[in-house]
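S.K.: Once you've had a glance at the structure underneath, I'll fire off some questions.
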Amino acid sequence: MLLDERVGERYHSDWSSAIGCAPSAVLRPKSTQQLSEVMALCHEHHQPVVIQGGLTGLAGGATPVLGEIAISLERMTGIEDIEPTGMTMVAHAGTPLQVLQDAALEHNLFLPLDLGARGSCHIGGNVATNAGGTEVIRYGMTRSLVLGLEAVLADGTVVNAMNRLIKNNSGYDLKQLFIGSEGTLGVITRVVLKLQPKPLSYHTALCGFSDYDSVVEALNRLKSSLGSGLTGFELMWDNYYHRVLETASDLASPLQQSHRFYVLLEFRDSQASAGSERFESALFELLEDEKMDDAVIAQSHQEAANFWRIRDGVAELLQCLGPLSNQDISLPISKIGEFADVLQARLKRDYDNMEVLLFGHLGDNNIHALAYTGRQCDVEPINSQIMHMIGEFGGAITAEHGVGVLKKKYLPLSRSASEIDLMKTLKSAMDPRNILNPGRVI
Ligand SMILES: Cc1cc2nc3c(=O)[nH]c(=O)nc-3n(C[C@H](O)[C@H](O)[C@H](O)COP(=O)(O)OP(=O)(O)OC[C@H]3O[C@@H](n4cnc5c(N)ncnc54)[C@H](O)[C@@H]3O)c2cc1C
């Protein structure tokens, strides 16, 4: 247990803009049994707790509120087993995502979950937030990778739902209660993950486009020509792309000319040799039909990694842009281009020096918007304006980062009253004393 000055600043907040504070104490259990005992005591004494994973969350769910004890999963790490025949992995919740990715590759297997925070976020946090990332277009969100899990309830009860079977319709699928519930219904302690065969060839390209409609047409055509091998379609508006290149002085644009839109494409194939021909001919067709303006294919792993560094440059931007509204938005693909134009026009009209950087996982209907003025300002009115615009366009106020505390008041813009009522019923049934991540989500 860490108390007083031993509670380091890293436990005061997550990566979001939620205002943090020192928790009353930090408890770092080493086992499910210890965590269960801690929760039973907190339940008995009506002590509120906040659950902390890798603290990379962007919705403020892991940021302590005054009087809360933080429960960190950082000592519950490690891989219990990797089973190559069934292609499953069992891991403790506090294991960093990247450790799991590397371990799968060592067994010639592949964990299809990846995001910029891979080195710091925990698999428990990924499951609790139902994280998305760059593989969703092919493999779905974290939910679709989880076969089973173990969780500790608010009163200390341990729920063992460590299913390893693909098919199991024996009663309610209880793991779904915990996936994406952002630590409000239970503390995830172990997970069973479904792995995939390791692809034998990887192909990465960076492409330039002059208009949004051509980007969408290219997406649809590549889905047909590359089928399930299309594992990444990451769109960047020009100002995001150039801002990242300005920030990372060791990166240069791989394309000779400037474009209105940039797309990072990833294609994976189960055949080592035929893949590159298939990828090149799909790109060539788009260039020939003038749907795409330019494309460059990475010639080495290093080059591909540099392309991805441009896409992942958001991590550095978050640290240097000053106060900003950081939104992840889900909208029908057909509306994203218009939404982006209207969003930029309205915010620039209402705020001096406003800059809106846009990028995202277009194949999953999901874009991220960073809106900032470059000086100290209250971002809440900007958040509110964006949230209401999402409601106006019929989208979801969060595609993957979750609700946490930052989006709680906007939940009715994306969920019906009956859905929110049922969420409250579940919460009060599973945590009747409201001690587990109170005030988050609902
Ligand atoms: C640079 C960067 C890039 C990112 N890219 C993406 C992206 O592409 N896609 C995406 O979806 N997200 C992204 N994120 C957001 C973040 O990384 C994810 O939400 C991640 O899943 C959070 O994991 P964590 O371990 O850091 O959780 P934390 O931040 O510690 O916690 C997040 C929430 O989950 C709860 N929680 C944590 N662990 C547990 C547990 N074991 N049991 C129950 N509840 C728990 C917390 O209480 C909190 O409510 C990004 C963040 C950064 C900083």
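S.K.: Compute the FRET efficiency between residue 375 and residue 165 as 1/(1 + (r/R0)^6), taking r as their Cβ-Cβ distance and R0 = 51 Å, and round to the nearest 0.05.
M.R.: Working: r = 55 Å, r/R0 = 1.08.
It comes to 0.40.
S.K.: Using a 7 Å offset from the Cα along the Cα-to-Cβ direction at both residue 239 and residue 276, what is the distance between the two label points in nm, to one decimal?
M.R.: Label-label distance for residue 239 and residue 276, simple model: 3.9 nm.
S.K.: Dividing the Cα radius of gyration by the Kirkwood radius, what Rg/Rh value follows for region 48-168? Provide the component values of the computation, followed by the final result.
M.R.: On the way: Rg = 14.7 Å, Rh = 15.2 Å.
Answer for region 48-168: 0.97.
S.K.: Still on this structure: What ranking of 361, 122, 43 emerges when the number of other C-beta atoms within 10 Å of each C-beta is taken as an exposure proxy, fewest first? Kindly include the intermediate steps, with their values, before the conclusion.
M.R.: Values: 361 24, 122 29, 43 20.
Fewest-to-most ranking of 361, 122, 43: 43, 361, 122.
S.K.: Give the shape of region 135-277 as rounded, prolate or oblate, defined through the alpha-carbon gyration tensor: a ≥ b ≥ c are the square roots of its eigenvalues, a/c under 1.5 means rounded, and otherwise the shape is prolate if a/b is larger than b/c and oblate if not. Write down the numbers at each step before the final one.
M.R.: Details: a/c = 2.78, a/b = 1.87, b/c = 1.49.
It comes out prolate by the Cα gyration axes.
S.K.: Specify the inter-centroid distance of region 119-156 and region 16-64, based on alpha-carbon positions, in whole Å.
M.R.: 18
S.K.: How large are Rg and Dmax for region 2-72 when only the alpha carbon atoms are used, in Å?
M.R.: 11.8, 33
S.K.: If the chain between residue 318 and residue 350 were fully stretched, how many nm would it gain, using 0.36 nm times the residue separation less the Cα-Cα distance?
M.R.: Full-extension gain reported as 9.3 nm.
S.K.: Another question about this same structure. Could you tell me the largest-minus-smallest coordinate of the C-alpha atoms of the chain on each of the three principal axes, in descending order and whole angstroms?
M.R.: 69, 57, 44
S.K.: Among 125, 215, 25, whose Cα sits farthest toward the positive end of the charge dipole of the chain (+1 at Cβ of Lys/Arg, -1 at Cβ of Asp/Glu, about the Cα centre)?
M.R.: 25
S.K.: Please work out the Cα convex hull volume for region 347-442 and give it in Å³ per residue.
M.R.: In region 347-442, the Cα hull volume divided by residue count equals 125 Å³.
S.K.: So, R0 is 30 Å and r is the distance between the beta-carbons of residue 41 and residue 408; what FRET efficiency does that work out to, to 0.05?
M.R.: Numbers: r = 28 Å, r/R0 = 0.92.
Here the calculated transfer efficiency is 0.60.
S.K.: I need the calculated FRET efficiency for the pair residue 34 and residue 424, taking r as the beta carbon distance and R₀ as 30 Å, to the nearest 0.05. Show your work: numbers first, answer last.
M.R.: Numbers: r = 30 Å, r/R0 = 1.01.
The computed FRET efficiency comes out at 0.50.
S.K.: Would you work out the charge dipole size for the chain about its Cα centre, treating the Cβ of every Lys and Arg as +1 and the Cβ of every Asp and Glu as -1, and quote it to the nearest 20 debye? Mind showing how you got there, number by number?
M.R.: Numbers: 36 positive and 53 negative charges, 252 e Å.
It comes to approximately 1220 debye.
S.K.: Right, next: With the dipole of region 321-415 worked out from charges on the C-beta (+1 for Lys and Arg, -1 for Asp and Glu) around the Cα centre, which of 387, 360, 374 lies farthest toward the positive end?
M.R.: It is 387.
S.K.: Could you work out how far apart the two model spin labels at residue 285 and residue 393 are, taking each label as a point 7 Å from the Cα in the direction of the beta carbon, and quote it in nm?
M.R.: Rounded to a tenth, the inter-label distance reads 2.9 nm.
S.K.: Under a 10 Å cutoff between Cα atoms, tell me which one of 103, 91, 151 has the largest fluctuation in the Gaussian network model of the chain.
M.R.: Looking only at 103, 91, 151, the biggest GNM fluctuation is shown by 103.
S.K.: Find how many whole Å separate the alpha carbon centroid of region 199-224 from the alpha carbon centroid of region 254-299.
M.R.: 7
S.K.: Something else: Could you list 320, 377, 21 in order of exposure, starting from the residue whose Cβ has the fewest other Cβ atoms within 10 Å? Intermediate values should be presented prior to the final figure.
M.R.: Values: 320 8, 377 17, 21 14.
The most exposed by this proxy come first: 320, 21, 377.
S.K.: For region 297-342, I need the span (max minus min coordinate) of the C-alpha atoms along each principal axis, in Å, sorted largest to smallest.
M.R.: 38, 31, 15
S.K.: May I pose another question? Using the crude model of +1 on Lys and Arg Cβ and -1 on Asp and Glu Cβ, and no other charge, please compute the dipole size for region 321-415 relative to its Cα centre, in debye to 20. Intermediate values should be presented prior to the final figure.
M.R.: Details: 9 positive and 11 negative charges, 47 e Å.
My answer is approximately 220 debye.
S.K.: With all pairs of different alpha carbon atoms counted, what Kirkwood hydrodynamic radius in Å does region 295-417 show? Write down the numbers at each step before the final one.
M.R.: On the way: mean 1/r = 0.0641 Å⁻¹.
One over the average 1/r among Cα pairs gives 15.6 Å for region 295-417.
S.K.: To the nearest 20 debye, what is the magnitude of the charge dipole of region 1-92 about its Cα centre, counting +1 on the Cβ of each Lys and Arg and -1 on the Cβ of each Asp and Glu? Numbers along the way, then the final one.
M.R.: Working: 5 positive and 11 negative charges, 26 e Å.
Rounded to the nearest 20 debye, it is 120 debye.
Each value in this text was obtained by applying a stated rule to the coordinates, not by laboratory testing. Note that the structure is a prediction, hence the values are computed from the model and not measured. So basically every Cβ, Gly included, is an ideal-geometry build from the backbone, and we count neighbours across all protein chains shown.
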